[in-house]
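Undergrad: Input: one structure, supplied below.
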Amino acid sequence: MNDYRSYRIHSPIVQWMWTSAIERAMRNSDIGSYLEFDSEQLSKQRLRQRMHDDRIVDDILRDDRVFQIHIRLRLIKLESSQQRRTLPVEMSAFELLLVWMFASSVVLVNASAYPALSWWGALPINALTIYSAYLILKDEARRRAALQWVRGTWFSVVHTYHLIRLAGESLLWRPSLQVKMAQAMRREIVKMLGPERDTLLVFRHNAGLTNAHDPQFWVSTELEADFKRKLDQMDGGAIAICGPRGVGKSTLLRKACEGTLDPSVRAPNFHVTVQTPANYRPEEFLVSLFQQVCRSYLALYGHRARGPFLFRTRVVGIFRRVLRALPGWAYLILGLTGLGLTLWDPARDVYAWAAGGLVGIVTEAWSAVTGFIENWWAHHPLISRIAVGGVSVLLVVRSRIPVGLFRRRYRRHRALLAECNNYLNLLQYTQNASNSTTVGLPGVVGVTLGGSRTTGFSSRALSYPELVSHFCGLLTRISREERNLKWKVFIGIDELDRLGSVEQVKSFLAEIKAIFSIPGVYFLLTVSEDIAAAFIRRGIPSRDITASSLEAVQYVTRRDLSEATELLQQRVPGFRDPFVALVHALAGGIPRDLIRYARKLVEIRHRIQKAALIPIAGTLLFEEITQALSSFRVLLGDHTHTAEHGRKVHSLYTITNLIRQADAADHLEIERVEMALATLIGPGTAARSDADSPPDVWDDVSTYALFAVTLLQVFVQSEFPQRAREQAESGHEDGDLDVLAAIRLELEISRRSAHLMTERFRTAWDLRLAPDPGLGSSRR
């Protein structure tokens, strides 16, 4: 029985299509990531051999409808014609000559030139045909051989036809084959790698890391939906967005101002976002914000700021408009002239026809229509007047009332644009004007009697109360006008914590809080956690300026592990869970640091030319630990150097050098680094330090060393995926991988709290510290 297994190897076209599909599938970004660095389990050559396996070929072809319906049936016909087209080998040269003579004469008889031949010209051809047929038919063996030859020739033509059809249908089969080949190749890669697949750093692209601020890579969270509901319940006011640095406060502010908090619906907003550099005085900030609001409102309606009004004349403006319009008029005149020359003769002929026949036709039609109207108006006066009057009333109602409203609205809109231009001129330029008058009376020669008078005025800078008043008035009118169009007005003030201390930020809020009371305007401010804490503690036991300045506070928390996974999968599709957990632990769940550490992982992968978890995670952790210990040495170097203090600083130097020289892929050297870090850990580190040493720094070193050893023991081991699954199934909260990110943030708040959280995590994972090995200076 014929089936697809009979044709997958014997057809060169199918073999070529199969090999081409394998090579194209290997160029897919996700598959190519696995093959970028050849390993023992997976290489390009081994994968090619695997994809030619009979089992895989059968699985792909069995489920391919295009192959079953078109290619398989074409292969059956091709093989059948191949078997039947074989010519008989027992034919002699004379018999072949006779067959060729008969065939040639038949062709000549049926040629298109035959009817043009005379009877005596066609007679030799007919004779040749009859004679060759007689020689073939009189002998049974020749007759049988000739029939076989004709049959074989026919099936050769049929075989060629099916071969051409197979080539065309194979091109149609190619896209579906490539899709199925890529799917099958991914399945085989998983089987070839086994459990190791989860510990390889592979991804389709890293465009989300390169374009970190591109909105297409933003991931919406439940926090954004809550914030949108909070804004919908308010009619303006000042709202503070707070959280750790890099947690996404500026992104949330930008989404709220642009109306993209809900991905499915884009809310139309008029918004202005400004940055707050350090040492900004409130007056300068308000002047800058005022100008930005005016420019943004002009740009919203397609206008741009004009020059200073005292130095702008009507004549100059008209002259400039004429100059700008001259090129366009020149192009128009030249174009119309060329068209006139081109269409001169046809236009003249059309005019002559129109002046003759068309005018008469139009005149007759117009006379008929006007006669009918006059006749109807004279014989049916009541109906005619009612119809015309009703239509006229409808037209008046339809046109005049909306036009009047539009004109009033346009006048208000035009007045706001003029105000914005005038305020920009007032805030940007110091303008002067003068007027001089001279009166003279000619008298005697050499004597002049007269007088002159000069007057002048100049603009002055607005005082701060006037500036606040004008700004609030303009923004109030803008808000009222935009709300009539169902728009909202947002003012975003980003990076207020750049101003310095908390007291400086509070002083700044005290100066500008007057503008926060504009009705219908949302002021969004990104502030530090200290400002938010002061607002939350309002009235307990005292009040400060945040209580009277802010309407609400939106706290932005770090991302948990599931949210970090979603963020990184959006930016780097294919990022595996172990690497997400590692990046999440180092970043503390802060989105900015998540992106930074993900970039570093990708850079390390290409630098060391390996994709496995242990060498990549080890290299990243070694570099981070080295940088952290070096920064601690810098802090310790500012204190008095006693003998004990010097020995401890030197131990940091020794450990730092050991880590720099260690091979992250060598299990023994990883253990040696863990044992070296264990020497820095101890509950009595601060108590053992001498009087001149900084105990707080040594406590920080001890806590960080414990955290670093924990990361090494968790991630730089081959059993990580299995142990992570076991911990997730156990439901032990202290052993959740998300706790590592919490510990990383806790290091910035309380070292003792972070130490306690780390100990609980280590207990849940059953981690043990290595004994002191007695460090040496040489690398083992």
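The values are calculated or read from the model by the stated rules, or taken from the named source; none is laboratory data. Computed from a predicted model, the values in this text were never measured in an experiment. For neighbour counting, all protein chains shown are included, and Cβ atoms are generated from backbone atoms with ideal geometry for every residue, glycine included. Ligands, DNA and RNA are stripped out before the accessible areas are found, and what is left, the full protein with its side chains, is counted by its heavy atoms. Shrake-Rupley method; radii C 1.70, N 1.55, O 1.52, S 1.80 Å.
Undergrad: Please compute the net charge surrounding ARG752, taking Lys and Arg as +1 and Asp and Glu as -1 over other residues with Cβ under 15 Å from its Cβ. Walk me through the numbers on the way to the answer.
TA: Values: positive: ARG751, ARG760; negative: ASP696, ASP699, ASP700, GLU746, GLU748, GLU759.
Net charge around ARG752: -4.
Undergrad: Please list 197-208, 704-715, 643-654, 323-334 highest first by mean number of surrounding beta-carbon atoms within 10 Å per residue.
TA: Output ranking for 197-208, 704-715, 643-654, 323-334: 704-715, 197-208, 643-654, 323-334.
Undergrad: Separate question: At ASP214 and ARG65, where each label point lies 7 Å from the Cα along Cα→Cβ, what is the point-to-point distance in nanometres?
TA: For the pair ASP214/ARG65, the computed spacing is 3.5 nm.
Undergrad: Also, quick follow-up: Among 525-531, 168-174, how do they line up by average Cβ neighbours within 10 Å per residue, starting with the highest?
TA: Result, highest mean first: 525-531, 168-174.
Undergrad: Also, quick follow-up: May I ask you to give the solvent-accessible area per residue for the stretch 178-255, in square angstrom, as obtained with a 1.4 angstrom probe? The partial results should precede the final answer.
TA: On the way: 3510 Å² over 78 residues.
Here the residues of the stretch 178-255 average 45 Å² of exposed surface.
Undergrad: Anything over 21 Å Cα to Cα? Flag those among LYS228/LYS255; LYS228/LYS513; LYS228/LYS249; LYS255/LYS486; LYS228/LYS488; LYS230/LYS486, in the order listed.
TA: LYS228/LYS513
Undergrad: Here's another thing I want to ask about it. Tell me, in nm to one decimal, what length is gained between TYR555 and ARG27 on full extension, where the rule is 0.36 nm per residue of separation less the Cα-Cα distance?
TA: Fully extending the segment from TYR555 to ARG27 adds 185.6 nm.
Undergrad: Over the stretch 458-499, what percent of the accessible surface lies on carbon and sulfur atoms, probe 1.4 Å?
TA: 53
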